[in-house]
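Inspection log for the structure reproduced underneath, given as structure tokens.
Each value in this text was obtained by applying a stated rule to the coordinates, not by laboratory testing. These numbers were taken from a predicted model, which means no experiment stands behind them. A quick note on method: Cβ atoms are made from the backbone with ideal geometry, for glycine too, and the neighbour counts reach across all protein chains shown.
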Amino acid sequence: MAEVAEAAEAAEAAEAAEAARTGVRRGRVVEGVRAYGLIAGMWIRSTMAYRTSFALTAFGNFAMTALDFVAILLMFSRVDALGGYSLPEVAFLYGLSGVSFGLADLAIGSMERLGRRVRDGTLDTLLVRPAPVLAQVAADRFALRRLGRVVQGLLVLGYALVVVDIDWTAAKVLLLPVALISGAGIFCAVFVAAGAFQFAAQDASEVANAFTYGGTTMLQYPPTVFALDLVRGATFVLPLAFVNWLPASYVLGRPYPLDLPGWVAFTPPLAAAACCALAGLAWRAGLRSYRSTGS
């Protein structure tokens, strides 16, 4: 009986320890969200103090991103299809990618400044504050003007939904918001992983931009215009294909890239969760390896 009692006590202790660890993790998440909200709110209030300036910069952001779609329109002024996709179908790909990336860029685009902080030692000021470093870096200089990219992507997506020929079903309707949110999560993970890389490279923002801004530019075009090796890499290595290529193939009734099974169109949430988990591990590893410049 004594052995049974000791085993029961050990099990209860283990459960209590696990509950404590879970509580700590949840507490850190809540603390991080709260810190992010406070810092972002501060920058929003600062931005809105100069409303004309905000309106002009937001419009400038809108106009700059709109040039990407203008380039696509110029292509279609000479051809009827691009990789077998019509203009409305390419606009659908563009809209999904643009909105997903725009949301991620708005929420966490400031991660690209991390390399500069690592190089000049100003990251030390964030380490001594009683708030998660990731939340501070993500919300630093929160740029509300990036809403211009989101609005532009929504307009193109709205145009595509009006003109594209889709046989709508309940599954397709539900897949659209899921794909947008999952795509934003995947891009957020890429931003965090790129930030973690800068702990080692110190200033590799352009390398990071090749996977963030470069990734969304690639997704604006059909997978059929790219080499198979690139499509494989965007599916199995850096799973950007889950942002729009795979869900769009289901919605548009198009063949899946690499002849993948149909059910993969519904896996973007799983891909986003896996990417965020791996990015979190990379971030913690990078933060542990950080050594101050001493300045």
Lys and Arg at +1, Asp and Glu at -1: neighbours of ILE166 with Cβ under 13 Å from its Cβ sum to -1
For VAL163 and GLU206, what does the FRET efficiency come to when R0 = 25 Å and r is the distance between their Cβ atoms, rounded to the nearest 0.05? 0.10
Which trypsin sites (Lys or Arg not before Pro) in the range 220-295 sit in a loop by DSSP (not H, G, I, E or B) and have at most 12 other Cβ atoms within 10 Å of their own Cβ? ARG291
For volume of the Cα convex hull per residue in Å³, calculated from these coordinates, the label among (1) 140; (2) 187; (3) 154: (2)
When the chain is fully extended, how far beyond the present Cα-Cα distance does ARG141 get from ARG129, taking 0.36 nm per residue of separation? 2.7 nm
Taking the Cβ of ILE39 as the centre, find all other residues whose Cβ is under 13 Å away and add up their charges (Lys, Arg: +1; Asp, Glu: -1). +2
VAL30-ARG291 FRET efficiency (beta carbon distance; Förster radius 35 Å; 0.05 resolution): 0.75
Cα→Cβ-extended label distance, 7 Å offset, between ARG51 and LEU258, nm: 5.0 nm
So, in nm, how far is label LEU67 from label ARG119 when the simple model puts each one 7 Å beyond its Cα toward the Cβ? 2.4 nm
Using the Kyte-Doolittle scale, find the helices of the chain whose mean hydropathy is at least -1.0 and whose Cα atoms extend 30 Å or more along the helix's long axis, counting only whole DSSP H runs. 2-48, 51-76, 87-108, 170-201, 268-289
